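Here is the structure we will look at.
The values are calculated or read from the model by the stated rules, or taken from the named source; none is laboratory data. From a predicted model like this one, the values you see are computed outputs, not experimental measurements. In this analysis, Cβ positions are derived from the backbone assuming ideal geometry, glycine residues included, and neighbour counts consider all displayed protein chains.
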Amino acid sequence: MSEGSEVKARTYLTDGKVKVLSCNAKTAVIEVSGSDSTPYVVQFNGVWACDCPARKPLCAHVIAAQLVTVLRAEPTVSLTSDLSLDDLVSMSADR
Ligand SMILES: [Zn+2]
């Protein structure tokens, strides 16, 4: 995972581009305005998913969403991500 995504994610936060549409203990829907006029929709339902074309397991939008929520992906569920939960935790603990 590049450090660039996390830097970008923090820029989304500081620029006020992250909008939480709904969030509870199990699910979340978060809108992130990217470079496009159409905001990307990040959803959490046990796993994180984003509808942007990046197709990365963890794009900047998902990282931004993770920064504003306390939701964690379930370690047993790994559909698209080759990152372990430890990776995610250590990454968000960076800086
Ligand atoms: Zn994305």
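Pairing residues of the range 36-57 that are farther than 14 Å from residue 26 by Cα with residues that are assigned to a loop (DSSP other than H, G, I, E, B) and of a type in the set (Lys, Arg), at Cβ distances under 9 Å and at least 6 apart in sequence or on separate chains, gives 39/17; 50/56.
Condition (residue is at pLDDT 75 or above and either part of a loop (DSSP other than H, G, I, E, B) or surrounded by fewer than 14 Cβ atoms within 10 Å (Cβ to Cβ) (or both)) applied to the range 73-93: is it met by at least one residue? Walk me through how you get there before you give the answer.
So in the range 73-93, the residues at pLDDT 75 or above come out as none.
No, because not a single residue in the range 73-93 is at pLDDT 75 or above and either part of a loop (DSSP other than H, G, I, E, B) or surrounded by fewer than 14 Cβ atoms within 10 Å (Cβ to Cβ) (or both).
Report yes if residue 29 is away from the ligand (no atom under 12 Å from the Cβ) and farther than 16 Å from residue 71 by Cα, otherwise no. No; evaluated as a whole, the condition is false for this residue.
Restricting the search to the range 14-46, which residues are surrounded by 15 or more Cβ atoms within 10 Å (Cβ to Cβ) and not in a strand (DSSP E or B)? Can you show your working first?
Restricting attention to the range 14-46, the residues satisfying the condition of being surrounded by 15 or more Cβ atoms within 10 Å (Cβ to Cβ) are 17-18, 23, 28-34, 39-44.
Answer for the range 14-46, where residues must be surrounded by 15 or more Cβ atoms within 10 Å (Cβ to Cβ) and not in a strand (DSSP E or B): 17, 33, 34, 39.
Among the residues making up the range 1-13, a single one is surrounded by 15 or more Cβ atoms within 10 Å (Cβ to Cβ) and of a type in the set (Asp, Glu): 6.
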